[in-house]
Structures are given as C-alpha cells and as structure tokens.
Amino acid sequence: MNNKEFIAGLAERTGLSQKDAAQYAAQLVADMAFHLEEEDVLSIAGFGTFEVKKKLERVVVNPGTKQRMLVPPKLVVNYKPATTLKEKANSK
C-alpha cells in the first residue's frame, strides 16, 4: 500500500475528503517526528511503541578490502509492536 492508497482508504473510512485525510495523516507524522526528535517515547495503544535509541561507535571491516572503518555513534528509531497487533498479524 502506498501513501495515495492509504489516504484514499482513510478518507473512505472516516467520511473526510481526501484533502482533509491527507492533512490529518501529514500532521500525525509531523507530530510523531517532533516527539521523536525530542527523544520522547511515543506509545500508541494497540499499535506499538516508538523510541529513540543511541547506537554506539563501532569498528566494521569491509569484507572485500579487509579495511577497518570506524562508524560514528548515531540515533536510531526503534519500534516495538503491541501484542494485540502481533496477534492480529499472526492470525491471518
């Protein structure tokens, strides 16, 4: 499913116009991004939890050249699905 199909389905299920549904979806994503930038834990009941985690600096080896490289530390977004969502996905 791509964004256009998602927006069309959301508009149909909610009775909103596609423009309004697109605005709501965009605002939801923007709000989620804002809170993740602040390194807040974002929990959505029945869906899951988003959390920003710090990955430490590490050394990797290029298998082709055997060259060792240092990968700097970075922040990554981690998602843990809710148990109810896992059960729904596994029931099909």
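The values are calculated or read from the model by the stated rules, or taken from the named source; none is laboratory data. Since the structure is predicted, the reported quantities are computational estimates derived from the model, not experimental observations. With ideal geometry, Cβ positions are generated from the backbone for all residues, glycine too; neighbour counts draw on all protein chains shown.
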Kindly indicate whether Lys53 is in contact with a strand residue (DSSP E or B) (Cβ under 8 Å, 6 or more places away or on another chain) and closer than 25 Å to Asn3 by Cα. no
Pull up region 1-28, narrow it to residues that are under 22 Å from Thr84 (Cα atoms) and surrounded by fewer than 10 Cβ atoms within 10 Å (Cβ to Cβ), then point me to the one that is farthest from the chain's Cα centre (by Cα). Arg13
Find the residue count for region 75-92, including only residues that are in contact with a Phe, Trp or Tyr (Cβ under 7 Å, 6 or more places away or on another chain) and β-branched (Val, Ile, Thr). 1
Of the numbered conditions (1) assigned by TED's automatic domain parsing to the domain that holds Tyr79; (2) without any contact (Cβ under 8 Å) to a residue 24 or more places away in the chain; (3) hydrophobic (A, V, I, L, M, F, W, C), Ala25 satisfies every one except a single condition; which is it? (1)
Please indicate, with yes or no, whether at least one residue in region 49-61 is touching a helix residue (DSSP H, G or I) at 6+ places or on another chain (Cβ under 9 Å), closer than 26 Å to Glu87 by Cα and not assigned by TED's automatic domain parsing to the domain that holds Pro73. no
Report every pair of residues separated by at least 6 positions or lying on different chains whose Cβ atoms are under 6 Å apart, first residue within region 63-92 and more than 27 Å from Glu51 (Cβ to Cβ), second surrounded by 10 or more Cβ atoms within 10 Å (Cβ to Cβ). Arg68/Val61; Met69/Val60
Restricted to region 40-68, and to residues that are outside any loop (DSSP other than H, G, I, E, B) and among the hydrophobic types (A, V, I, L, M, F, W, C), which residue is surrounded by the most Cβ atoms within 10 Å (Cβ to Cβ)? Leu42
If you check Lys86, Lys66, Lys92, which single one turns out to be under 24 Å from Val29 (Cβ atoms), at pLDDT below 95 and not assigned by TED's automatic domain parsing to the domain that holds Val29? Lys86
